[in-house]
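Notes for the one structure printed next.
The values are calculated or read from the model by the stated rules, or taken from the named source; none is laboratory data. No experiment lies behind these values; they were computed from the predicted model shown. Cβ sites come from the backbone with ideal geometry, for glycine too, and all protein chains shown count toward neighbours. What goes into the accessible areas is simple: the full protein's heavy atoms, side chains included, and nothing from ligands, DNA or RNA. Shrake-Rupley method; radii C 1.70, N 1.55, O 1.52, S 1.80 Å.
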Amino acid sequence: MFFFCFFEVLTSLASPQTGIISPHLPERSYFKDSLTKQEAKLDLKILKTALLQAHPGLNLYQSIQDFESQTTQLEHSLPDKISLTSFLEALSRLVASIRCGHTSIGISENQMQSINQTETFFPFPIKIIEGRAWIDLAFKIDGKNLLGAEIVSINGRSVASLLTRLASLVTTDGNNKTLPDTYLEDHFYLYYLLFVEKSRQFDLILGEQVQEEHIDSSGRFFRQSDSAHMQSTSRTLYSDSIFFTEPVHIRGTKLTHCRIASVSKQTVIENYKNRVSLSLFYRQTGDKKVANINHTSPSNHHTNQTCLNLLKDKKTAILTITSFDNEELRKQNIRLKQFLKDSFDKLASNNISSLVLDIRQNTGGDEGNEDLLLSYLVDKPYRKYQSVSINPPDYSFLEYTYLANGRKARKFRKSLQNEFSLDSNHVYTRKDGFFKPTKLHKPTFKGNVYVLIGGRVFSGASEFITLLDQNRQTVFIGQESGGNYYGNTSGEYISVHLPNSDFELTIPLCLYRLSVTQTAIGQDANTFSNSSNTKNLPRDHGLVPDYQIYQTLSDLKSGRDTLIDYTLQLISKKR
């Protein structure tokens, strides 16, 4: 790839870590260009039928009538011919309106494989802070590190506007605001390709703060009124048409224009692995504050891995659990049951009084692993679920699933019947005793517990923090969790193939209602909890931490973890 500044070549690099490759692109042919109205209507009908029949939480945040009305409106708005990407965007908005983070519509595996082989992508991972995108990669051009530079526009498009538009396509639990940001941080390269444009190169306006001041998003430089703040430019700033021939200063921000080529999927993966924000704590502390106690291999110490670290103050430990997914943990050479035993034995033998539990990257995983961790932290038996239920498994759309084979369909129904039965209210609920909570470990950890959370904390990890909040005094630090506080729809899934577009609809089949002692604000028959009220919590949000702390730009650029720093200072003050 070549990097251009002011339309002139600055440098050419070939290192995989820099993400530089040749701008040559192969021909694109991963799916057909468009669908007829009838083709789109058939796919929409299949999607609607599948969701109405199988999704047990379709009415958690809106009525069934509202969903059907939106589907009808979309059907009536379909043109005679619609591009595949426009159809995907329309379906994504429809599915997002359900507000279930486990439900998704997307391209098929074959389409994704074709894209990976034939397409190139926007190269930089981003960190979203206050609705703005910053380069989240230590990337040097002509000796200058672009880490922490704001990406103000891409090919003349306002990035702030792009983030708003793309966030509306992300499925979330309820009205959660943190999950879309973290999801776009993880998938911006793909969303830009699918929903914005395919481009061999990207003209970027990069912003660099040269004054320590807050720039409110409402005062972005796209407005003509900002032209009075310009120190030097050859053109007027307006709308999304912005070009510079030399750096411009606006409200304490230095703006520069550069052109950068797209990169391969392999390079994207490498760049995303090297995101600074995902390993700030390990970069910051390393051998300075953390003793050499690590239950993963030594090579993992400076990466974002599941591990235990004891601070040299001999009173504090940081336990990082990046996933509850057994397969993902195996990739880290972690067996969670043994790892937790070793870790909590180590905490006890070292008389650790303050435990920082970092689960910011934990999106959930296998059911029961959250209970395994909880068993070391609570000292009394708890009820996990108020109920677990499914819709009647009499689906009429199975010909569009892997269950089209009659034998597989019978096996699938039998597995559901083994787990669920029809109760007196004519609802299919999980049978008593089907899931047995993990036996509590004695003694449990008695010290202070501080849990770091954010938008990636989802599914089983979100259930974990709800149960921890319910069953022991805990301090939560960070941002609202990505998963709902009261429960979710997940568990078993069914994937529906839309034959004309080749898209895949994924539907969770189980509605999990956690056993909580709070009643949600806006309580009605469709909410998760109906128990006694002790605290007002919105029914459509995740756990809001006791201390809402965000990663700052200055700390990102200096390689410091804002949340870890804040937590350690908080612990120090309370001693």
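Structure data summary
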{"quantity": "Cβ-placed point charges (K, R +1; D, E -1), dipole of segment 340-499 about Cα centre in debye, nearest 20", "calculated": "460"}
{"quantity": "Glu327 versus Tyr402: modelled label distance in nm, points set 7 Å from Cα along the beta carbon direction", "calculated": "0.9"}
{"quantity": "Contour excess over end-to-end distance, with Cα ends at Asp546 and Lys81 and 0.36 nm allotted per residue", "calculated": "162.3 nm"}
{"quantity": "Under-5 Å amide H pairs with Ile129, H placed in peptide plane, nonlocal only", "calculated": "Trp134"}
{"quantity": "Rounded FRET efficiency, nearest 0.05, which uses the C-beta distance separating Thr438 from Lys380 and R0 of 22 Å", "calculated": "0.95"}
{"quantity": "Long-range amide H partners of Phe420 with built H, under 5 Å", "calculated": "Lys431"}
{"quantity": "Fraction of antiparallel bridges per DSSP, segment 360-498 only, in percent to nearest 5", "calculated": "55"}
{"quantity": "At R0 = 41 Å, FRET efficiency that the Cβ-Cβ distance of Gln473 and Asp366 yields, to 0.05", "calculated": "0.90"}
{"quantity": "From phi via Karplus (6.51, -1.76, 1.60), per-residue ³J(HN,Hα) for segment 79-85 in Hz, x at Gly/Pro", "calculated": "x, 4, 9, 10, 5, 5, 5"}
{"quantity": "Too-long pairs where the Cα-Cα distance tops 25 Å, listed order kept, from Lys384/Lys442; Lys380/Lys573; Lys446/Lys573; Lys439/Lys574; Lys314/Lys573", "calculated": "Lys380/Lys573; Lys439/Lys574"}
{"quantity": "Per-residue ³J(HN,Hα) for segment 391-399, Karplus 6.51 cos²θ - 1.76 cosθ + 1.60, θ = phi - 60°, Hz, x for Gly and Pro", "calculated": "6, x, x, 9, 8, 9, 10, 5, 5"}
{"quantity": "With all protein chains modelled, accessible area of Asp203 [1.4 Å, Å²]", "calculated": "30"}
{"quantity": "Added length on full extension, which subtracts the Cα-Cα distance from 0.36 nm per residue, Ala348 to Lys312", "calculated": "11.4 nm"}
{"quantity": "Residues with amide H under 5 Å from that of Arg157, placed H, sequence gap 5 or more", "calculated": "none"}
{"quantity": "C-alpha center-to-center spacing [segment 89-115, segment 396-455] in angstrom", "calculated": "24"}
